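Here the structure is laid out as structure tokens; the discussion comes afterwards.
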Amino acid sequence: MAASLTRSLISPLTSRTPAKPSRSDQSPQLLRRRSCVSVRASTFGNNNSSDGAVPAACNVLTQDSPPRRLTSAPVPNSECGGSPLRVAYQGLCGAHSESAALKAYPNCEPVPCDQFETAFEAVEACSVDRAVLPIENSLGGSIHRNYDLLLRHRLHIVGEIKYAVRHCLLANQGVKVEHLKKVLSHPQALAQCEYTLTRLGLVREAVDDTAGAAKHVALEKLEDTGAVASSAAAEIYGLDILAEDIQDASLNVTRFLMLAREPIIAGNDRPFKTSIVFSLEEGPGMLHKALAVFAERQINLTKIESRPMRWSSLTSPGVDGNGLQKCFHYLFYADFEASMASDDAKMALQDLEKLATSLRILGSYPADTTMP
């Protein structure tokens, strides 16, 4: 059983039956990049297979090649040889995700990517060393796309960072709030500022990222359209800040995951979290039984998220008790406060494995216990 759990650290999910800062507060690393170019998905070719295959060019994890484990000590800011870590994030320069990447890895080289999947692929292809991507927000909820991509790709969670997001309403110079009819931003940012934007009577239009919205408003010299983005984006793209801290609550925190090709060595020297994904047979009380393995050992679950299982080579739809094809089947993503170095966590997952039709450990990593 222990060997099976060890294998699940390095292999994709398998199934046993047919997942307010001002401008002066910005770091010099953030403000100096005014001409950066996004990494686009085409850089890495087509990696859209549902079996989670990784690019052949990258010598990464396989069943026959155990992964090199990262130390559980604080993560360095450079790889061997002193070169700064290249850290992928989604968005353009000035995005909140860039600030989160710099908080996670100070003095790193942030690498902007046009899509979340591009960042995953960049790490797998060894074009970057890490990725820092959002997974949930205290106001807007979960970023479902990244839950799905965690299953699809073979990266490991090696850390988390909590970042306080403070949104600004931006517009071109000379434009006043009363001139605006529309505002552009990422869907999560628009959701986090819903009350303010509704009160201002602004039509909301979703785009790929907050900094991209600011750049578009600036380049097109729009006079009736603003952007919800960071104060750094205002500095980079030459926009005025019409209002600061427009999020619906003063404490607006996004939790970011730090992803790498290799897992981290779990330890007991500090608070750890472990993230898993599993599936269950349908039946009364099955989820209750699955969660009970943690409650029995006083292990605190901090998050559980259900996502539809997409039928693929991982599994097959099957039929229900009436002989009809089952249309809905779910994966459960869970985070719990324990390290895989602890006996309680190992025993809990051994018991869960007996109930689950599939189980994968996404990472066991130091928890971010700091105030955002």
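Taking packing as the residue-averaged number of other Cβ atoms within 10 angstrom, the listed peptides 217-223, 189-195 run from highest to lowest as 189-195, 217-223. Taking packing as the residue-averaged number of other Cβ atoms within 10 angstrom, the listed peptides 260-269, 157-166 run from highest to lowest as 157-166, 260-269. For the peptides 135-148, 246-259, residues were scored by their other Cβ atoms within 10 Å and the scores averaged per peptide; the highest-first order is 246-259, 135-148.
Read-outs throughout are calculated quantities, based only on the coordinates presented, and are distinct from any laboratory measurement. Note that the structure is predicted; figures quoted are calculated from it, not measured. For neighbour counting, all protein chains shown are included, and Cβ atoms are generated from backbone atoms with ideal geometry for every residue, glycine included.
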